[in-house]
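Note sheet for the following structure.
What follows draws every value from the coordinates through simple rules; no lab data is involved. This structure is a prediction, so every number in the text was calculated from the model and none was measured. Every residue, glycine as well, gets a Cβ built from its backbone with ideal geometry; the counts of neighbours run over all protein chains shown.
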């Protein structure tokens, strides 16, 4: 089964721009249980309940806040929340190339595959083959969803 594309963008360094798609290198399997009304087998949804009063509240009356002291909150607007996230660039920006022996792979959190898309196959293959031949890896930054990650591009093939 083909893996699902998680992200589309480009590997970028200097004037080089290689269109790629990001795929998860691992898969998780498990059962996703739904809540059901046992009498009718209808799905049961979540209600928005005020934890202090126990009363249901509407979506319009919900704001987002961060607790800074017990029971004390700072309320943030949607614009303030958006401005706190890094700006998405859709690029895997290679900062440097280092010997592959310089990176202790025990610290890597989650493996992904990148694959060329559109007309990026030749340039992608050139980068991969050069990294393999020189025994180097690319140290890069990438924003996935709303988080910036430090990444290591390890050639394979």
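Could you pull out every one of the strands (runs of 3 or more DSSP E) wholly within the stretch 60-157 that has 1 or more residues that are closer than 25 Å to residue 14 by Cβ? Lay out the reasoning, then the answer.
On the way: elements: 64-69, 72-76, 91-99, 112-116, 136-144, 147-153.
Here the list reads 91-99, 112-116, 136-144, 147-153.
Residue-by-condition table, conditions (1) in contact with a strand residue (DSSP E or B) (Cβ under 8 Å, 6 or more places away or on another chain); (2) assigned to a loop (DSSP other than H, G, I, E, B); (3) surrounded by 10 or more Cβ atoms within 10 Å (Cβ to Cβ):
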residue	(1), (2), (3)
3	yes, yes, yes
6	yes, no, yes
12	yes, no, yes
21	yes, no, yes
26	no, yes, no
31	no, yes, no
34	yes, yes, no
40	no, yes, no
47	yes, yes, no
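Here's a check for you: in the stretch 128-138, which residue that is in contact with a strand residue (DSSP E or B) (Cβ under 9 Å, 6 or more places away or on another chain) and farther than 17 Å from residue 115 by Cα is surrounded by the fewest Cβ atoms within 10 Å (Cβ to Cβ)?
Within the stretch 128-138, the match that is surrounded by the fewest Cβ atoms within 10 Å (Cβ to Cβ) is 135.
Would you be able to tell me the number of residues in the stretch 102-144 that are under 18 Å from the mean Cα position of the chain (by Cα) and free of Cβ contacts under 8 Å to residues at least 12 places away in the same chain? Spell out how you get there, then give the answer.
Filtering the stretch 102-144 for residues under 18 Å from the mean Cα position of the chain (by Cα) gives 107-115, 139-144.
This time we only want the ones that are free of Cβ contacts under 8 Å to residues at least 12 places away in the same chain, so: 107, 109.
Going through the stretch 102-144 one residue at a time, the tally reaches 2.
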